[in-house]
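The numbers here are math on the coordinates, done by the rules we state, and not lab data. Bear in mind that the values here come from a model prediction, so they are computed numbers and not experimental data. Note that we place each Cβ from the backbone using ideal geometry, even for glycine, and neighbour counts take in every protein chain shown.
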Ligand SMILES: [Zn+2]
């Protein structure tokens, strides 16, 4: 079995915020779990940057930089941010790379030759903020794009169109045959009713775009940024040693971009004769202290700064355990601080430290026989089911509930007293506690990957436990 996970590729007109980090950390969690199960060679994890956008042209102009230099600098910043917060991507694609351009041309030409791309005139609205064509119905009562609070541009230009309308029935049949393809179910229902409401052909080129990939059959026109961006998942592995991963790809996306990924993208692939992805998951959005994050409100949170203070595990566990993956939720720094101190420093950190200290003190540092806690198999099956069902909050809750059970066993058995009077009975308790530490370390490879190696070191080897360490310093 193989697994291939993708995040959306992100616009580089700004640095990453915690919302981007949320999606990327969730995908990273899935990739880490499956690497542990299937072996690293059977998992591929792709992220990257979406660079052929008018937004980047504007941002470069604002920064007073040539576009290429600006893109190089910003792409490097995104990469560095993901490195800082412990994202284990296998590949990072930039849509200005030649490897991407070549496949975009190939796919565009194939769809064109099939007769699914034709030339026409687009007359209507376009929001550069969304990089999307808009209908009147999509605007708010002031005639503004609801996301960007401004009037979209009036556009009239020659465009190439993709015959999306021809794929209505095929898409509906696909969703009927693959009811679990798009998760969670609420997103699937939205998309199915959107398709049922009737699909219109979509513009796939821009005549006036300053920057982007030229059409193979008409170089005066640029490929519409979304049409090119979606292809990254395929172009990153096509004609490489990783090509076989295509049959196992799952897209992790935000709920705002499900129409692109779950209507247009499958139709493009059907037209091009390329097999469809294995699935897509559209996660929810979260507010910060009950308010939508925005630059103008000044409440944009930098994941790198959070990670510097709480460690990348603090950021990861705090975010992913705040609300269930797929739902909407809220996040706050005070909540993170409480979580960090109670669950990480006071919970798992304290447990590991106490047990290892006691083993040194009473058992000469001897590691108990490897004998995972009693119902280890059942516990492990429960954890697997949670992650495989993408219940990421559920998995963290289960992890911390296990910490609580182990801490409770430690307190109620008072093994430090028992060890002085009945070494045999104490050994039994220590074996049980050590089993919990082993199971927690196993889960931590997925959930707390920065701390997992330190936990492993504490468990020790060759019959001896390691040194007791502080996993999480109280804040
Ligand atoms: Zn907009």
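Quick look at the values:
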{"item": "Where labels lie 7 Å past Cα in the beta-carbon direction, separation of residue 457 and residue 186 in nm", "result": "4.3 nm"}
{"item": "DSSP bridge orientation in the chain - percent antiparallel, rounded to nearest 5", "result": "50 percent"}
{"item": "Whether region 3-284 is rounded, prolate or oblate, judged on the alpha carbon gyration tensor where a/c under 1.5 counts as rounded", "result": "rounded"}
{"item": "Separation in nanometres of the label points that stand 7 Å from Cα toward Cβ, at residue 299 and residue 361", "result": "4.5 nm"}
{"item": "Mean separation of Cα contacts under 8 Å (6+ apart) over length of region 192-342, as relative contact order %", "result": "16 percent"}
{"item": "Coordinate range along principal axes, alpha carbons of region 311-470, Å, largest first", "result": "53, 31, 28"}
{"item": "Crossing angle, helix 18-38 versus the chain [Cα axis fit, 0-90 degrees, rounded to tens]", "result": "60 degrees"}
{"item": "Residue 37-residue 109 FRET efficiency (beta carbon distance; Förster radius 41 Å; 0.05 resolution)", "result": "0.55"}
{"item": "Cα-based helix-to-principal-axis angle, 423-447 vs the chain, degrees rounded to 10", "result": "10 degrees"}
{"item": "Sequence ranges 61-69, 264-272, 26-34, 331-339, ranked by mean other-Cβ count within 10 angstrom, highest first", "result": "26-34, 264-272, 331-339, 61-69"}
{"item": "Where Rh is the Kirkwood radius over Cα pairs, Rg/Rh for the chain", "result": "1.04"}
{"item": "Among beta bridges that DSSP assigns inside region 35-185, antiparallel share in %, nearest 5", "result": "80 percent"}
{"item": "Value of [θ]222 nm, deg cm²/dmol, for the chain, DSSP H segments ≥ 4, -39500 (n - 2.57) each, nearest 500", "result": "-14500 deg cm²/dmol"}
{"item": "Rounded if a/c under 1.5, otherwise prolate or oblate - region 48-142, Cα gyration tensor axes", "result": "oblate"}
{"item": "On Cα atoms only, tilt of 350-363 relative to the major axis of the chain in degrees", "result": "30 degrees"}
{"item": "Relative packing of 442-449, 134-141, 463-470, which averages over residues the other C-beta atoms within 10 Å, highest first", "result": "442-449, 463-470, 134-141"}
{"item": "Shape of region 156-268, Cα gyration tensor, a/c cut at 1.5", "result": "oblate"}
{"item": "Approximate spin-label separation residue 243-residue 409, in nm, with each point projected 7 Å along Cα-to-Cβ", "result": "5.1 nm"}
